[in-house]
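The values are calculated or read from the model by the stated rules, or taken from the named source; none is laboratory data. All values reported here derive from a predicted model rather than from experimental measurement. Don't worry about glycine lacking a Cβ; one is built from the backbone with ideal geometry, like all the others, and counts go over all protein chains shown. Please note that ligands, DNA and RNA were not included when accessible areas were found on the heavy atoms of the full protein model with its side chains. Shrake-Rupley method; radii C 1.70, N 1.55, O 1.52, S 1.80 Å.
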Amino acid sequence: MFIEQSADRRRTVRTLFVLAGVVPCAALATIAWWWHSSGHVDAVARASAVHLGLPVAVRAVGHPRPGVLRLTHVTLGAAADDDAVRVPHVEVERAVGEVRVRVPRLECSPEAVRTLAGIAGEWLLRPTRFPDAWVVDVGNVAWLPVAGVHDAASDGWHVECVAVDDHRAVRCRREPSSADEARVRVGPEGLAVEGTVAEAVPLAILAALVPGFSGWADMAGDQALVSGRIDAVSNAEGWSGTAAGTVEHAALGSVLAAGGGAVQGEAMITVNSLRFAAGRLVACDMLVSASAGTLPQRVLDGLVSSFGCRPGPAYRSIGGDSVRRFDRLACRLVIDDAGLRMRSAEGGEQAILAVQGLSILDEPVAAVPMTRLAWFFSPDGRPAVPATPTSVWLMSVLPDAGSF
C-alpha cells in the first residue's frame, strides 16, 4: 500500500515538474527561437507593409523591453527607388490607443520626405485604417542634398498624430526648443495648414511636402534655403492663403533659366507678403538682391523688351561682350491686379542692376501685364507658343491667366 502511494506521489511530482518547469521553459525557448528567426522578421515586415500600405524591409527584430520592438536597417518603399526611406534603427512601442516610434537619426531627401508625407496623409484621411494616435520622436535629421544647413546633432523633430471627434491633425515641432512648428488639420471643412520655419530648411524639402509647389522650388535651385510662415487651406478649387519669408542661396541660373549656363550668382529673395487663391498667385511683394554675378546680354535685352526696363549707361560693354558682369542687383517686384511692377530697392536710386557704380538697367516707368513673365521664359521672348515648361507652369499659377 505504502509503495503504491509513493509511486503515485512520484508520478504527480513528475507531472507537476513537467507542467510547471519543462513546458514553460520549452515555450520560452520556442518564443526566443521564433523572435530570432527570419520568419519572425519577415512576419513583422509583412505586417508593417500591410499597415502602412507600402513595401517594408527589415534586417533584424529585437525585443529590448516588453511591448517594444527594435527594428534594424529598415527600408520603407522599394529599395531600388529614390523615394525609399532608410533608417538604421527604429523602436516601436504599442500602448492602448497609441503607437510610439523612436528614430535616433534620419537622413531625408526630398523624395524620402514625399514618402513620409504620404504616410502622414494616409493617417489623416483614413481613420479606420489608422485608429490609433501616433507619436514619433526623431533624434536628429540630416537634410539631403543640402549639406551643412544646421547642426544636425542638436536638431530633432517631435511629431504627433492625434484625433478628436471628426477632426484629425498632424503636428511637427523642431526639438529641443524652437519656434519651428507645422500643423496640418483635416475636418469636415477641409484641409488646413499653418507653419513657421525660423531656422532655414531646403526649399526642395518644403516643395516635397506641398503638392503643386515644385515649380517654385525648381526656379530657385537645389541649394536654396527657405524660412518664413504660411497659413493656407485647400479645397476642390486648390490652395488659398498667405505666406511670407526669405529664400537664401537662390541660384540665378535657375531663376533666369532662359539665360542658360552663362547666368551665374546667388540671390536672396525676401517675400514681404504673398497671397494666393484657388491655386493661383493673387498678390506678391518681394525683394530680390545679389552682390555679384554674370548675365548674358540677351537676358538684359529680354528684360528691356519684356518688362520695359530702361538701359543705363553700362547697358552695353565697350568690347561688345556677350556675357556681362554685375556687382549689385537690387529689385523690388510687386504683383497685383495692376500687373507686374519692377522697382529699384535702393531708395532714390533707379538702377536695378549695376556694375562699378554705373547702372546697367533702370527700373521701368510703368507696370506691365503678367503675360510678359511667360513671354520672358518663352523661346527668344516671343509671346506665341511653343513655350518652355517654365512658361507653361507660369501660365497655370499667375493671375489673369485668361488673358494668355
3J(HN,Hα) from dihedral phi, segment 245-255, Karplus parametrisation 6.51/-1.76/1.60, rounded to Hz, x for glycine, proline: x, 9, 10, 9, 6, 6, 7, 4, x, 8, 4
Exposure of residue 167 as accessible area (Å², to 10), given a probe of 1.4 Å and all protein chains: 80 Å²
Accessible surface of segment 307-360 [probe 1.4 Å, protein heavy atoms]: carbon and sulfur percent: 49 percent
Ranking by accessible area, most exposed first, for 174, 183 with a 1.4 Å probe: 183, 174
Other-chain or far-sequence residues with amide H under 5 Å of residue 316's (modelled H): none
nm² value of the averaged projected area, convex hull over the Cα atoms of segment 51-123: 5.1 nm²
Relative packing of peptides 114-123, 187-196 - highest average C-beta neighbours within 10 Å first: 114-123, 187-196
Vicinal HN-Hα couplings computed from phi for segment 175-180 (Karplus, 6.51 cos²θ - 1.76 cosθ + 1.60; Hz; Gly/Pro x): 10, x, 8, 7, 7, 6
Coil-residue GluC sites (Glu not before Pro) of segment 237-289, DSSP, other Cβ within 10 Å capped at 11: 237
For segment 239-369: Kirkwood Rh in Å [reciprocal of mean 1/r, alpha carbons]: 15.3 Å
Residues whose placed amide H lies under 5 Å from that of residue 140, excluding near-sequence neighbours: 105, 106
For segment 157-208 versus segment 295-364, the gap between their alpha-carbon centres in whole angstrom: 40 Å
Taking segment 50-201 and dividing mean pair separation by its residue count, relative contact order in percent (alpha carbons under 8 Å, at least six apart): 14 percent
Per-bin percent of Cα-Cα distances, segment 298-362 [5 Å]: 4, 17, 27, 26, 14, 7, 3, 1, 0
